[in-house]
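Bear in mind these aren't lab numbers, they're just calculated from the coordinates by the rules spelled out. As the structure is a prediction and not an experimental result, all values here were calculated from the model. Cβ placement follows ideal geometry from the backbone for every residue including glycine, while neighbour counts extend to all protein chains displayed.
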Amino acid sequence: METSLTASQDEQLKIVIVGHVDHGKSTFVGRLFYDTGSLPEGKYEQLVAIAQRRGVPFEFANLMDGLQAERDQNITIDTAQIWFRTPKRQYVIIDAPGHKEFLKNMITGAAHADASLLLIDANEGVQEQSRRHGYLLHLLGIQQVVVLVNKMDLKNHDESVFRSIETEYRAFLKQIHVEPKTFIPISAKNGDNIASHSSNMPWHKGATVLQALDEFKVPPLPTHLSLRFPIQDVYRFDHRRILAGRIESGSLKVGDRLYFWPSGKSSVVNTIERWNAPSSLVAGAGESIGVTLAEQIFVERGQVACLESSPPCMTREFSANVFWMGRTPLQIGKKYKIKLTTQEIECEVKSIEKVIDASTLSETKEKREHVARNDVAELTLRARLPLALDDHMRIAETGRFVIVDDREVSGGGITTHILYETRVAQPVSENITWLQTEVSVSERASRNSHYGAVIWLTGLSGSGKSTIATSLERELFNRGMQAYVLDGDNLRYGLNANLGFSPEDRSENIRRAAEVAKLFADAGFIVITSLISPFRSDRARAREIMTEGQVRFYEIHIDCPLETCEKRDPKKLYAKARAGEIKGFTGISSPYEVPEKPDLVLHTAQETASESVAGILDYLLQTARISDTDYEI
Amino acid sequence: MNHLDILENQSIFILREAFNKFENLAMLWSIGKDSTVLLWLARKAFFGHVPFPLVHVDTTYKIASMIEYRDQLVKEWNLQLVVGKNERVLREGQTFPQGKATRVECCGMLKKDGLKEVLEKHKFTGVIVGVRRDEDPTRAKERYFSPRDKNMEWNVTDQPPELWDQFKTDFEPGTHIRIHPLLHWTELNVWEYIEREKMPVIPLYFANEKGERYRSLGCAPCTFPIKSHARTVPEIIAELRQTNTSERSGRAQDKESEDAFEKLRRDGYM
């Protein structure tokens, strides 16, 4: 039995261990290995012997500290990786340094991870790097985080110490829209709550570290997103002219017409090339392949092949969140090189909107001309030539980049607030044009005494979307406004009756809902959509559709803990999902991606439905001013 | 994609980045399993071709059948081979087997200095090497694109950041960059891949009649076989799934001091 191999045993999950210096990261890793019997033979004895010879106490930490300087100083300088397995799957453990001076090494380690364990010393509590690392994990796109409160033995295993750290750090993470999976009180030194529950902390009813590790999910490859195939090189080793590259998102097949941005030229895929591999007419995200084209056109490294229906954003100027690791500060006006997928273009910082101290989240008020080492900033970049890129929330792979300063990779960043203007300029067919009727948007607004708008409610099943949507519609209607609810289930009765629940179909379901909502809003209605819409990329596309249609869009997160939703279970769907009767159910077997910048968040576990509705009305009628009649006619 | 597909696709991506970025690129080939897998991956990346020379640093103390095997594959796969040797040290007889140097010193002269000579002679600015993170704690700290200064030294305390597959590809004249496309593989992965691809591998890795096989290959005087009955690739895989001893346990030069291997690597060893 034990030798039989299943697919999941070959699954590999990469975990980065982060936290403030001396909060016990390396010790924790050593302990984890010792407790799970994963240490190489003789390693433990060897470490004990070395410690004795040097006359220092034995440290589990030395397992990971591979450099002499690290052992001498008892500090991790550079990130390292080490492998171990549980019965469920294999893990790569990435130990990242906690010292501020080695932040670029921490980022190097964390950028490769699927999930993270963040350690906080119970004795010292939340420190500068605890917060900075939390924020950087967020920027690096690592959404699965478990927080370990270490050294509980120094605090007599006192639950109140643990709870107060949990409360403080949870509040911090909430500000940056990170929702930790759980908090676990541990003692790495003594092995409490690591491989098994500790009798020293009977009050801890939650998971052990090993259980929490096995709960993490391997993030799926972005196959369901739009095709992005950046060209790495063009080879002519023999009679074939092969365009080589890795598909970053989506998929392509023989016969597809590819558009190469920024040039916009197109050609059809003739063959997909691989060597010593089964031939296939399709290729998807993550595959390093080659293609040959039916008609020869000029293509070079840096161009991004896409399908006609979903081009990237082509722009010279864009806003981004950047973290800086360079020896000299990032300066406005200075020339740098940006590397985004295989594109490399000279660029400069046009303006710095905000510099954020990642450890306190406080913003510097005065105007800044530079970003110092280890700072994070919101800024606008201007490239010498247009880049093909995406909003990081839509396609992460083509929405992130590094900045090179004098031969050194010195900064990393993610794009924000990207507008897809090219979509408007590239209609589905040249023979189709949008008919502009005579009745203008402002005429309709004048008659209705309000603008059209889309109020996009997103949240778990059972969070209260339908209840809120229904009574909001009533409230607006009673005020003489044009309001209508677009409900996910209702759409599936007709327009979307041909769609199932595969990731592609769910995504298409949302796209259609968004398109319909746009038309309604264009007709002057206030549309309230009630869809789980769990993926950021889908909601980002909805926002983009509204932007194109010049429709006001408000993303409202109906925030309610999973446990509460499951308890309510109005449609008895959670019960079915738990029983395995429904596959890919949001919250149970499929993730819900919390909105990063919603226009409004409603906590329906803590307030009544009418309070929630009042909250929206307040926001809409005052802040968003959709009933403002002070407009031009 | 399964775990081997993920590893393979990542390595191909790195090889293609290296080929695009370095005019004078070479790949080190020790005839061992790792660099032979690397060679196989290069043929994958470049659709059956290997568009750069292979460098073999020959200490002349290699196990004899390794050289035979090397020359055979060079012919079969149509490879360009460059052989590097530290002729002076060999001529003057300053080596460990001749009793004139410690194992570590001998490694330094024959392999590290031998490599340095070849790189200088051919002006290689990018060198692809098949090291893996799971081999040794210092290799665990390596980057995919790892710079070496004019004296081939590795500055371990100030390495470039590496994120989102954007690598350090700009370098000062006189320096070079080591490229490590197998960094994220484990010893077990290497064998699983050899099995999946039905790739050839030098027979020294399989158990002989005495019940011994090599797990890691190097010079004959400093490399010792392990006890094993694994005669096929699947048997080696089964053996590795059980073992708890380290791969380089049969390599004597690592054991002369606590940080022997780290010192060698800082100075430019692979």
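Partner shielding of B:7-17 amounts to 4, given as the average count of beta-carbon atoms from other chains within 10 Å of each residue beta-carbon. Within a straight-line Cα-Cα reach of under 20 Å, residue B:62 can be paired with the following aspartates and glutamates, leaving aside sequence neighbours fewer than 8 residues apart in one chain: B:34, B:71, B:87, B:92, B:105, B:113, B:117, B:212, B:247, B:254. Fully extending the segment from residue A:190 to residue A:45, taken as 0.36 nm per residue of separation minus the present Cα-Cα distance, adds 50.4 nm.
Among the listed pairs A:339/B:150; A:217/B:141; A:465/A:571; A:181/A:354; A:174/A:567, those whose Cα-Cα separation exceeds 20 Å are A:339/B:150; A:217/B:141; A:181/A:354; A:174/A:567.
Computed over neighbours whose Cβ is under 9 Å from that of residue A:231, the net charge equals -1, Lys and Arg +1, Asp and Glu -1. Projecting label points 7 angstrom from Cα along Cα→Cβ for residue A:589 and residue B:123 puts them 6.2 nm apart. For residue A:393, nonlocal amide neighbours, meaning residues 5 or more places apart or on other chains whose placed amide H falls under 5 Å from its own, do not occur. So, in Å, what gap is there between the alpha-carbon centers of segment A:526-571 and segment B:97-175? Comparing the Cα centres of segment A:526-571 and segment B:97-175, I get a distance of 52 Å. The 3J(HN,Hα) values that the Karplus relation (6.51, -1.76, 1.60; θ = phi - 60°) gives for segment A:577-586 are, in residue order, 5, 4, 7, x, 7, 10, 8, x, 8, 4 Hz. Gly and Pro appear as x. Whole-Hz Karplus values for segment A:483-494 come out as 9, 7, 9, 9, 9, x, 5, 4, 5, 6, 6, x Hz, taken residue by residue from phi with 6.51 cos²θ - 1.76 cosθ + 1.60 and θ = phi - 60°; glycine and proline positions read x.
Place the peptides A:439-448, A:461-470, A:376-385 in order of packing, highest mean first, counting for every residue the other Cβ atoms within 10 Å and averaging per peptide. Mind showing how you got there, number by number?
Details: A:439-448: 14.4, A:461-470: 23.3, A:376-385: 18.3.
Packing order, densest peptide first, comes out as A:461-470, A:376-385, A:439-448.
Per-peptide packing, taken as the mean over residues of other Cβ atoms within 10 Å, places A:449-458, A:152-161 in the sequence A:449-458, A:152-161 from highest down. Need one value for B:150-162: mean number of C-beta atoms belonging to other chains within 10 Å of its residues' C-beta atoms. Going residue by residue through B:150-162 and averaging, the value is 5. Label point 7 Å out from residue A:441 along Cα-to-Cβ: which residues of segment A:403-418 have amide N under 20 Å? Within reach of a label on residue A:441, which here means backbone N under 20 Å from a point 7 Å along Cα→Cβ, segment A:403-418 contributes A:417-418.
Divide by every residue of chain A the summed helix terms, -39500 (n - 2.57) for each DSSP H run of at least 4, and state the resulting mean residue ellipticity at 222 nm, rounded to the nearest 500 deg cm²/dmol. Don't skip to the end; give the middle numbers.
On the way: 16 runs with 163 residues, N = 633.
Estimated from H runs of four or more residues: -7500 deg cm²/dmol.
The overall shape of segment A:229-307 is rounded: from the C-alpha gyration tensor, with semi-axes ordered a ≥ b ≥ c, the ratio a/c is less than 1.5. Shielding of peptide A:12-20 by partners, expressed as the average count of other chain Cβ atoms within 10 Å per residue Cβ, is 1.
Evaluate E = 1/(1 + (r/R0)^6) for residue A:492 and residue B:78, where r is the Cβ-Cβ distance and R0 equals 56 Å; express this FRET efficiency to the nearest 0.05. Present the calculation step by step, with values, prior to reporting the outcome.
Working: r = 59 Å, r/R0 = 1.06.
E(calc), rounded to 0.05, equals 0.40.
Gain on full extension, evaluated as 0.36 nm per residue between residue A:354 and residue A:449 minus their Cα-Cα distance, stands at 30.5 nm. Note on residue A:280 and residue A:128: the extension gain reaches 49.6 nm, defined as 0.36 nm multiplied by sequence separation minus the Cα-Cα distance.
For chain A, what is the percent of antiparallel DSSP beta bridges, rounded to the nearest 5?
On the way: 74 of 118 bridges.
Just about 65 percent of them are antiparallel.
Just want to confirm a number: the relative contact order over segment A:315-421, from Cα pairs under 8 angstrom separated by 6+ residues, in percent.
Numbers: 258 pairs, mean separation 40.8, N = 107.
So the answer I get is 38 percent.
As a rough guide to protection, the peptides B:67-76, A:25-34, B:107-116 ranked by mean Cβ packing within 10 Å, highest first, stand as A:25-34, B:107-116, B:67-76. One equal scatterer on each Cα of chain A, no solvent, Debye formula: the resulting log10 I(q)/I(0) at q = 0.06 Å⁻¹ is -0.38. Helical content of chain B, expressed as a calculated mean residue ellipticity at 222 nm, amounts to -10500 deg cm²/dmol (DSSP H runs of 4 or more residues, -39,500 (n - 2.57) each, divided by residue number, nearest 500).
Efficiency by 1/(1 + (r/R0)^6): what FRET value for residue A:581 and residue A:384, r their Cβ-Cβ distance, R0 = 45 Å, to the nearest 0.05? In this case the efficiency is close to 0.20. In this simple spin-label approximation, residue A:610 and residue A:53 carry label points 7 Å from Cα along the Cα→Cβ vector, and these lie 7.8 nm apart. The simple Förster model, with R0 at 60 Å and r as the Cβ-Cβ distance, assigns residue A:363 and residue B:71 a FRET efficiency of 0.35.
What number comes out for the charge environment of residue A:327, summing +1 per Lys or Arg and -1 per Asp or Glu over other residues with Cβ under 11 Å away? Walk me through the numbers before you get to the answer.
Numbers: positive: A:104, A:373; negative: A:405, A:406, A:408, B:158.
With Lys, Arg at +1 and Asp, Glu at -1, the neighbours total -2.
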